[in-house]
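Reviewing the structure listed below.
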Amino acid sequence: MKKTLKLILLILTPFLFGLFSHVALSQSPRTVEQYEIIESTNLSQIIEDNQNQSKVIILYVSSPFCPYCKKLEAEILKPMLRSGDYLETVTLRKFVIDSKQPIIGFDGQSQSPKSLMDQYQVKVTPTLLFLDKNGKQLSDAIVGYSNDEFFWYYLDMAIKKSNQRLKKSVVGSTL
């Protein structure tokens, strides 16, 4: 009896290992971009990367010296990317306000980080801007972060509102 059980386990173990490995590998692989918050200084590149897609662009305005930015990334933004729930509707990019290098705007023109902040009336970090491919705001910005208690609700509502406006503008432009 013991020999039979050992023989069955010996035969089944590689089979089960192969089966589980196949299932794990067959799931769609995700790129690093889908898990990481990409810093962007060329906003027109975001449009080129998503040319055939109608996604809301969330421009996350951050500072390396902002403890709330680090907290927002750890508690909200990185889990948001890892969940995969927003891949079809949102493109997330990070803009660091303390950058000394010029920014390429949505119009392809070079501008200073300060002028971009003035354009969107960003006064503090973190700030989340919800934009279309032309850089037009689709929803009110979410300014600041303290904890995730209500933040997910506000984030989801801003994304939904932005997607509705984006769909209306796409439908309006095709008529």
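Structure data summary
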| item | result |
| --- | --- |
| Qualifying residue in the stretch 89-101 (condition: over 19 Å from residue 42 (Cα atoms) and part of a loop (DSSP other than H, G, I, E, B)) | yes |
| Selection status of residue 71, part of a helix (DSSP H, G or I), among the basic types (Lys, Arg) and either at pLDDT 90 or above or in contact with a Ser or Thr (Cβ under 8 Å, 6 or more places away or on another chain) (or both) | yes |
| Residue count, the stretch 102-140 (criterion: of a type in the set (D, E, K, R), surrounded by 13 or more Cβ atoms within 10 Å (Cβ to Cβ) and closer than 18 Å to residue 62 by Cα) | 1 |
| Which numbered condition residue 87 fails, given (1) within 15 Å of the chain's Cα centre (by Cα); (2) at pLDDT 90 or above | (2) |
| Test for residue 60: is it part of a loop (DSSP other than H, G, I, E, B), hydroxyl-bearing (Ser, Thr, Tyr), closer than 17 Å to residue 158 by Cα and at pLDDT 90 or above | no |
| Test: residue in the stretch 151-172 that is in a loop (DSSP other than H, G, I, E, B) and of a type outside the set (Val, Ile, Thr) | no |
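Residue-wise test of (1) under 21 Å from residue 162 (Cβ atoms); (2) over 12 Å from the mean Cα position of the chain (by Cα); (3) charged (D, E, K, R); (4) at pLDDT below 95.
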| residue | (1), (2), (3), (4) |
| --- | --- |
| 83 | yes, no, no, yes |
| 97 | no, yes, no, yes |
| 101 | no, yes, no, yes |
| 107 | yes, yes, yes, yes |
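The values are calculated or read from the model by the stated rules, or taken from the named source; none is laboratory data. Keep in mind the model is a prediction, meaning the values are calculated, not measured. Note: ideal-geometry Cβ built from the backbone for every residue, glycine included; neighbour counts use all protein chains shown.
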